[in-house]
Amino acid sequence: MGPGAVIRRRTVLGAAAGLPVLDGCTREAEARWSGGWVGSHPERGHAWRDGGLAAAAAAEPARRVAVAIVGAGIAGLSTARGLQRAGIDDYAVFDLEDAAGGNSRGHAVAGLPCPLGAHYLPLPSPDDEALLAWLHEIGLAQSRGGRIVYDERHLCHSPQERLFADGRWHEGLLPQPAAPGAAAAALAAYRRFAADVATVSRELAFRIPTTTAPWTSGHAALDTQAFAGWLDARGHRDASLRWYLDYCCRDDYGAGAEMVSAWAGLQYFASRHGFQAPGDADQQPEAVLTWPQGNAWLADKLAAGIGERLHCAHVVTRITTGRHELALDVWDAAAQRPRRWLARQVVVAVPLFIAARVFDAPHPALRTAAQVVPHAPWLVANLLLEQPLLPRPGAPPAWDNVSLGSTGLGYVDARHQSLSPDAAVSGPQLLTYYRALGGRSPQELKTQRAALLSGSWRDWTRAVLDDLAATHPDLPSRLRRADLVRHGHAMAIPVPGVRGHPALQALATPRDRVSFAHADLSAYSIFEEAFHRGLQAAARLGNRG
Ligand SMILES: Cc1cc2nc3c(=O)[nH]c(=O)nc-3n(C[C@H](O)[C@H](O)[C@H](O)COP(=O)(O)OP(=O)(O)OC[C@H]3O[C@@H](n4cnc5c(N)ncnc54)[C@H](O)[C@@H]3O)c2cc1C
């Protein structure tokens, strides 16, 4: 099959899964694909679900530690960093995967680095002193003449983003319809939404980390309604605006504007740089830091000082609360044997639904929180192409490339940051494709998760190509390898009522020698929330001496 062969959409696994099949002429190309599922060990997940696996008393004596940190995602790693800075080095960090980083781990395909999940960090607000201090410490940021200057190599190079619509690429992600009437209507809608965001931002504080903004009755009112309903009520019905806002929700929260709260929909804009309509003076993409391997670059920096205290491939299967210490049953997946650790304090940096299963007697707030915080499934596909894609009309290749109306969120080009001038025109190309599967309703979420977990690697590779081939008809014939990651419960969705839920507030206060530190506590998952939750947990332990 030569360039130009398009995969046609035909359903094979039923409408629910929405997975297509290739017709006869594409089977030849399909036979050349390699790859598979990467990045997770579902059988280790079963170890904590089944609980007892490691409960059988370990033959060797228990090891003792002052602080046990469960989970080495960004929150667990930043807890460890915080402890070190407080002079506490008697700690151990456990993670069930083979590498630290959680959703911010990296991968490599044919030697080319790429992300398994998170891929960028927006430049923090000047108020976020703790994050800025760390970025200075690792050399990403410098203060020069009262200004913060970032390392150019890691600032996303221009052009940052483009949108494929009406058969061509356009700069930026805001749809700008071709028909003059629709274009004028969209512009007016963008301006009206920008004005609403500005008004809400004047009335209420939205910040990152979220804990630094007071939670008022105004926030609570926004938290109890869906973003889509809030938009409807204010007459924000323009199709271009609504597509863009839905895209933002899927991108940051893993689910559509019908699923997330109005607080979350507005937090997306108001906590950063607001919303700018095309042509407005300061309308430009938000500057971000990014790396070919995504935020694994940051995770590696956080993990750097932990050394032997980091125990990867160690699944915490049970935490039993004792009078003076807690006992952790840990399954050492490499040695295939149970271990027992005793800790005076435990920091739980795993998703709340896992925490609720691991404790022998979970606190009622933890049980409630585990039930009320839904998690969005995600698919990430790292696609190795033997040659760069053929150009399509319009704006040149950008770091983030999105197609209007696509089921996915588009792709990021791992070589965009390359300083080599021929990276874009020759040699293999590595694209990271993202699809959020949180849906538009709880039922859709459930169906999509079932499809993600039951579909084969080949089915999902076809589904990814089916989506991308609408924009790049030559992509299927260029594919050589597809490494796919399925995150069954990737990130908390800030559905109405969750952010202000008393159970989440209750978990923010440590009790019975247990602290929680995971982005779930913020009801949504971004680097900054995880980082700060970890630092807060460490600071509380440090203060206790
Ligand atoms: C596809 C995707 C794209 C994303 N993109 C971005 C982005 O570009 N920018 C951004 O800021 N954020 C992004 N995020 C959000 C990302 O989740 C956060 O940035 C951050 O990595 C969350 O860190 P965390 O520590 O809270 O949680 P997690 O990453 O969930 O870490 C939890 C850790 O606990 C471990 N664990 C679980 N159970 C056990 C057990 N029983 N025993 C031991 N260990 C256990 C897990 O293996 C994991 O390492 C993305 C997320 C996904 C899924």
Legend entry - Where only C-alpha atoms are counted, convex hull volume of the chain per residue in Å³: 156
Inset, instruction - Scan the range 218-267 for trypsin sites (Lys or Arg not before Pro) in coil per DSSP, keeping those whose Cβ has at most 13 other Cβ atoms within 10 Å, and list them by number. - result: Arg234, Arg237
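Just need the relative contact order of the range 61-183 here, percent rounded to a whole number, with Cα pairs under 8 Å and 6+ apart.
12
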Inset, instruction - Using per-residue counts of other Cβ atoms within 10 Å, averaged over each peptide, order 98-111, 173-186 from highest down. - result: 98-111, 173-186
Legend entry - 5 angstrom amide H check on Phe359, placed H, neighbours 5+ away: Ile319
Inset, instruction - Over the range 229-299, average the accessible area per residue using a 1.4 Å probe and give it in Å², no decimals. - result: 31
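Based on the Cβ-Cβ distance of Ala205 and Gln417, what FRET efficiency does E = 1/(1 + (r/R0)^6) give at R0 = 45 Å, to the nearest 0.05? Please list the in-between numbers first.
Values: r = 34 Å, r/R0 = 0.76.
The value I calculate is 0.85.
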Legend entry - Label-point separation, Trp215 to Arg144 (7 Å along Cα→Cβ), nm: 4.2
Legend entry - Label-point gap, in nm, between Arg32 and Thr509 - each point 7 angstrom along Cα→Cβ: 6.3
Legend entry - Average Cα contact separation per residue, the chain, under 8 Å, 6 or more apart, as relative contact order %: 27
Inset, instruction - Report the dimensions of the range 253-344 along its three principal axes from the alpha-carbon atoms, largest first, rounded to Å. - result: 61, 31, 25
Inset, instruction - List the pair-distance distribution P(r) of the range 231-272, using every Cα-Cα distance, as the percent of pairs falling in each 5 Å bin from 0 up to the bin containing the longest distance, rounded to whole percents. - result: 5, 24, 35, 27, 8
Inset, instruction - Work out from phi, with θ = phi - 60° and the Karplus expression 6.51 cos²θ - 1.76 cosθ + 1.60, the ³J(HN,Hα) of each residue of the range 237-251, listed in order in whole Hz, and give x for Gly and Pro. - result: 10, 4, 5, 5, 4, 5, 4, 5, 5, 5, 4, 4, 5, 5, 5
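The values are calculated or read from the model by the stated rules, or taken from the named source; none is laboratory data. These figures come from a predicted structure and were not determined experimentally. When we count neighbours, we look across all protein chains shown, and the Cβ atoms used for this are built from the backbone with ideal geometry, even at glycine. When the accessible area is computed, the model is the full protein with side chains, heavy atoms only, and any ligands, DNA or RNA have been set aside. Shrake-Rupley method; radii C 1.70, N 1.55, O 1.52, S 1.80 Å.
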